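Asks: One structure coming up, written as structure tokens, with questions to follow.
The values are calculated or read from the model by the stated rules, or taken from the named source; none is laboratory data. None of these values were measured; they are calculated from a predicted model. No Cβ is skipped: glycine too gets one built from the backbone with ideal geometry, and neighbour counts run over all protein chains shown. Ligands, DNA and RNA are stripped out before the accessible areas are found, and what is left, the full protein with its side chains, is counted by its heavy atoms. Shrake-Rupley method; radii C 1.70, N 1.55, O 1.52, S 1.80 Å.
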Amino acid sequence: MNIPATAHEPNVVSINVGGRIFQTTKQTLTLAGTDSLLSQLATESTTRFVDRDPALFSVLLYILRTGNLPARSTSFDVRDLIEESRYYGIEPFLIDSLSNPSQFEAFDLRKSRILQLNGRDSPSTIAPASNGGGGLHVAHGSKITSFDWSLRRKSTVLTNFSAVDSLLEISPGVLAAGATDFPGLQIIDLQNGGNVRTTLNWENVASSTVQGVGSSSEFLFASFESSRRNSNSIMVYDLSTLLPLLELDRRDIYGAGNDSAIPSNKLRWIQSCNLLMVSGSHASPSGVSGHVRFWDVRSRSMVCEIKEREDCFADVAVSENLSAVFKVGVASGEVFYMDLRGLGVKDQPWVCLGEEKKRSFNERKGVGCKIESYGNHVFCSKGSGIELWSEVITGLVGNASRDVLEERVFRKNSFAADSGENKITGLTFGGSRMFVTRKDQQSIEVWQSPSRGVSM
């Protein structure tokens with residue numbers, strides 16, 4: 001027969017919170033850290049009285065025990081939980097439980113709140129916090145507004161740019177920002193009032209402008225274009241020292257070499273392959289053309305290049321979880337994928353996720369569409385709405401292996417398309433949240449699952 005533990009056992013601690021008795025172990029309380037009130041309570045030999053809300057304490061104790069939010073947390077306001085977590089000294093645990101990507105439910109996303117921006121400028125680009133905690137940085141006009149993980153605190157700094165086109169948090173409170181009409185990549189210290197720590201430039205090329213930024217755990221990548229727009233390149237910097245390490249993908253234009261004129265404006269690191277994906281496109285009277293290239297940074301070699309002409313991408317994304325590159329066609333507006341396991345295979349085709357219809361390459365159904373991947377899903381904006389694509393895992397036949405390229409099946413769901421809503425201009429993700437920007441709107445929409453969060 002199992003006898004329940006009591007407070008007389010040396011490992012059990014009793015705490016009276018607002019008249020309600022809680023029992024837990026010393027090990028659980030000491031998880032909170034030596035500076036927290038809960039860790040101090042673990043040393044008490046008698047029942048300690050704490051004059052706080054017992055219902056809120058029960059949520060925080062559950063988080064300490066499991067690392068997750070309990071289902072009953074949906075009935076609480078996040079502001080109350082924040083205040084209580086700070087009182088007990090366990091705010092980092094609350095942050096982790098609220099912003100954990102595992103809490104992201106793609107099929108149950110709801111618009112939870114609107115983040116208003118000061119001024120008349122709409123967002124030009126948005127960047128999630130580097131720690132994945134659900135915070136956000138928004139560039140609008142010459143300003144950058146930052147929201148903390150709770151989305152309750154915001155601060156705004158003024159930059160030297162008329163408009164920011166590239167934005168990335170490279171470490172907590174430190175941003176890399178650039179513009180297509182202003183030279184240099186500026187490293188901005190938010191904790192020092194937006195002071196510019198340093199400006200990174202393309203070596204030996206004066207007045208080069210920034211076309212895109214990206215990073216890995218070791219490197220900072222910046223795509224530059226010369227002021228004359230006759231050359232472009234990608235610089236690789238050490239992420240910790242910001243010293244230049246090497247140059248990749250330099251393109252100098254000779255004669256009418258239109259393909260070389262296209263700078264890369266999207267840079268994504270693929271950790272599982274140790275490759276840098278760079279992409280860029282350009283519209284001309286003859287149509288839209290572009291490139292997707294994959295670089296081995298350490299060997300400075302290009303592993304694969306995809307040249308885009310027929311139904312060139314309006315946007316492109318890579319998913320490590322799905323081991324695939326995705327694009328939305330500028331002509332068709334359809335979503336396609338290419339398997340990462342087939343990189344380097346000659347003439348590997350793009351595969352349409354839906355029912356590919358006969359299309360005219362003179363159409364522009366995909367203009368302005370955005371595509372991003374998060375977790376095991378791909379999100380593609382279509383006008384005012386969003387398509388959500390998820391892979392349907394089919395059973396492997398016989399001795400089939402996932403290492404063999406087989407036909408894959410994806411399912412589409414649509415949401416966020418309300419009549420009267422403006423066109424979506426940006427998508428990004430952080431923690432358990434999706435952030436959406438719309439044309440001519442001086443705000444950001446926050447989407448998350450109501451079953452996985454608390455009242456915002």
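Asks: Rounded to the nearest 0.05, what FRET efficiency do residue 347 and residue 113 give with R0 = 45 Å and r taken as the Cβ-Cβ distance? Could you check?
Replies: Once the sixth-power term is evaluated, E becomes 0.45.
Asks: On full extension of the chain, what length is gained from residue 393 through residue 131, given 0.36 nm per residue of separation minus the C-alpha to C-alpha distance? Let's see the in-between values first.
Replies: Numbers: separation 262, 0.36 × 262 = 94.32 nm, distance 3.06 nm.
The residue 393-residue 131 span can extend by a further 91.3 nm.
Asks: Between residue 153 and residue 310, what is the label-to-label distance in nm when each label sits 7 Å out along the Cα-to-Cβ direction?
Replies: 5.5 nm
Asks: Enter the accessible area per residue of the chain (Å², integer; probe 1.4 Å; all protein chains in place). Numbers along the way, then the final one.
Replies: On the way: 21550 Å² over 456 residues.
Ligands and nucleic acids excluded, the result is 47 Å² per residue.
Asks: For residue 240 and residue 363 in the same chain, what is the full-extension length gain: residue separation times 0.36 nm, less their Cα-Cα distance, in nm?
Replies: On the way: separation 123, 0.36 × 123 = 44.28 nm, distance 4.56 nm.
In short, 39.7 nm is gained.
Asks: Could you work out how far apart the two model spin labels at residue 160 and residue 227 are, taking each label as a point 7 Å from the Cα in the direction of the beta carbon, and quote it in nm?
Replies: 1.3 nm
Asks: So what is the 222 nm mean residue ellipticity for the chain from helices alone, if each DSSP H run of at least 4 adds -39500 (n - 2.57) and you divide by all residues, rounding to the nearest 500 deg cm²/dmol?
Replies: Numbers: 5 runs with 43 residues, N = 456.
Computed mean residue ellipticity for the chain: -2500 deg cm²/dmol.
Asks: Relative contact order, percent, of region 154-224 when contacts are C-alpha pairs under 8 Å separated by at least 6 residues?
Replies: Working: 141 pairs, mean separation 18.3, N = 71.
Computed over region 154-224, the figure is 26 percent.
Asks: Taking the alpha carbon gyration tensor of region 10-98, what are the square roots of 5 times its eigenvalues, largest first, to the nearest whole Å?
Replies: The answer is 20, 14, 12 Å, longest axis first.
Asks: May I pose another question? Run the accessible area of the chain with a 1.4 Å probe and give the carbon-and-sulfur part as a rounded percent.
Replies: Details: 9980 of 21550 Å².
Carbon and sulfur: 46 percent of the exposed surface of the chain.
Asks: Once you have the Cα-Cα distance between residue 355 and residue 303, take 0.36 nm times their residue separation minus that, and quote the gain in nm to one decimal. Before the final figure, lay out each step's value.
Replies: Numbers: separation 52, 0.36 × 52 = 18.72 nm, distance 3.07 nm.
Result: 15.7 nm gained on full extension.
Asks: Is any residue of region 325-353 close enough, with backbone N under 19 Å, to a label point placed 7 angstrom from the Cα of residue 407 along the Cα-Cβ axis, and if so, which?
Replies: 335-340, 342, 348-353, by backbone N distance to the label point.
Asks: Is the shape of region 158-283 best called rounded, prolate or oblate, per the rule: a/c under 1.5 gives rounded, else a/b larger than b/c gives prolate, else oblate, with a ≥ b ≥ c the square roots of the Cα gyration tensor eigenvalues? Walk me through the numbers before you get to the answer.
Replies: Values: a/c = 1.92, a/b = 1.33, b/c = 1.44.
Taking the square roots of the gyration eigenvalues as a ≥ b ≥ c, region 158-283 is oblate.
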